[in-house]
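A short worksheet on the structure shown next.
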Amino acid sequence: MRVYVAGNITVDETWSVTDIPAKGASVHGYQRSQDIGGKGANQAIVLSRCGIETCLIAATGHDSKGKWIRQQLMNEPVTLLPTQPMTALSDTSLILHSADGDNAIITSTSAADALDINTLSHHLASARPGDLLVQQGNFSPEKTHALFSLAKSCGLITVFNPSPVHAAFASCWSLVDIAVVNQHEAQQLQPRAVKTLVTTLGSAGAWLTQGDQRTFCPAQPVNATDTTGAGDTFLAVMLASAILRGGEIDALALTHASQAAALTVSRHGTRQAFPTAEELAALLQSGGEPAVI
Ligand code: ATP
């Protein structure tokens, strides 16, 4: 089973500031790190580190950042499509990380916007029935809906993580098999009639809802230093856990996901904070007890 992740890829610049600036404020800060990021890339990288055959369909720009992204991705077991840059600037996320551990993020979408539905369809053409298509909220609602429609017509399993949230994403639910939402997205989009719904609650854990059945999975207690990418790690490891055991999303998949997300939040940065392939292998082989890594 192959996973196609259609979404964005960015250069993440993480800045440390004492507090997130208010409107009109001018503050000092320092750049803590530069890394690959973007929800599409994050989820694809973690899935591929779990040993899942993963294609990331995401646009890089015709600039030095795009070149850097493509070089960096060669160190990951993920296939990037298209291989060539788009005629656009690469996308960037400016992450402000405040002293109390909170963050605020600004993301550009020039490259993601340049990836049109024809190009997306072309790169999805090699997918087989039963493969997965994962999307996040960095494409327009129209493009997101059109790609899910195509995926369903090809017999793919569809996964939606509608972040950043847009009210019009609610029109996609009838095309979605697995939804992963945080509390804010759940409130705004009211996902209904989705076979598998996972609602994440940050450090409070996550709920799995399948029909009338609800299962709670607590978060792993950890000294959180940077929560960037927690949701992406959670989603990717949850899917990988289910795929590797050939089954549905279940309580063990959520336990594996929360263990992996705890590793991510205990470290600084984006990709550099994600669990390594070795850590993920140990974790995914465990039956949910704390993995020996
Ligand atoms: P983000 O957009 O910041 O990546 P999100 O809003 O999509 O995250 P969250 O609900 O914040 O997702 O977190 C997803 C999962 O990550 C949680 O269900 C939990 O298992 C884990 N997690 C998040 N924050 C913490 C924390 N402070 N301590 C331990 N685990 C955490």
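Throughout, read-outs are computed from the coordinates displayed, never taken from laboratory work. Remember, predicted model here, so these are calculated numbers, not experimental data. Because the Cβ atoms are built from the backbone with ideal geometry, glycine has one as well, and the counts that use them run over all protein chains shown.
Numbers below:
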{"quantity": "Length-normalised contact order of the chain in % [C-alpha pairs under 8 Å, at least 6 apart]", "calculated": "17 percent"}
{"quantity": "Helix-only mean residue ellipticity at 222 nm for the chain, each DSSP H run of n ≥ 4 adding -39500 (n - 2.57), per residue, nearest 500", "calculated": "-9500 deg cm²/dmol"}
{"quantity": "Global geometry of the chain, whether rounded, prolate or oblate, following the gyration tensor of its Cα atoms and the 1.5 cut on a/c", "calculated": "rounded"}
{"quantity": "Region 59-193 shape via C-alpha gyration tensor axes, a/c threshold 1.5", "calculated": "oblate"}
{"quantity": "Integer Hz, Karplus 6.51/-1.76/1.60 couplings in order for region 100-113, x for Gly and Pro", "calculated": "7, x, 8, 8, 9, 10, 10, 10, 8, 10, 4, 5, 4, 5"}
{"quantity": "Modelled FRET efficiency - R0 45 Å, residue 28 with residue 142, Cβ distances, 0.05 increments", "calculated": "0.65"}
{"quantity": "Estimated distance in nm for a label pair at residue 248 and residue 165, the labels positioned 7 Å out from Cα along Cα-to-Cβ", "calculated": "2.7 nm"}
{"quantity": "Most mobile of 202, 229, 61 in a GNM of the chain (Cα contacts under 10 Å)", "calculated": "202"}
{"quantity": "Length released on extending from residue 209 to residue 126, taking residue separation times 0.36 nm less the Cα-Cα span", "calculated": "26.7 nm"}
{"quantity": "Cβ-based exposure ranking for 245, 49, in which fewest neighbours within 10 Å come first", "calculated": "245, 49"}
{"quantity": "Charge tally in the Cβ shell below 14 Å around residue 93, where Lys, Arg are +1 and Asp, Glu are -1, residue 93 excluded", "calculated": "-2"}
{"quantity": "Simple label model, 7 Å out from Cα along Cβ direction - residue 116 to residue 67, nm", "calculated": "2.8 nm"}
{"quantity": "Length added when fully stretched, residue 216-residue 201, from 0.36 nm per residue minus Cα-Cα", "calculated": "4.3 nm"}
{"quantity": "Cβ-based net charge around residue 34, under 12 Å, with every Lys or Arg adding one and every Asp or Glu removing one", "calculated": "0"}
{"quantity": "Residues whose placed amide H lies under 5 Å from that of residue 206, excluding near-sequence neighbours", "calculated": "201, 217, 219"}
{"quantity": "For the chain, with +1 on Lys and Arg beta carbons and -1 on Asp and Glu, the positive-most of 286, 170, 92 along the dipole", "calculated": "170"}
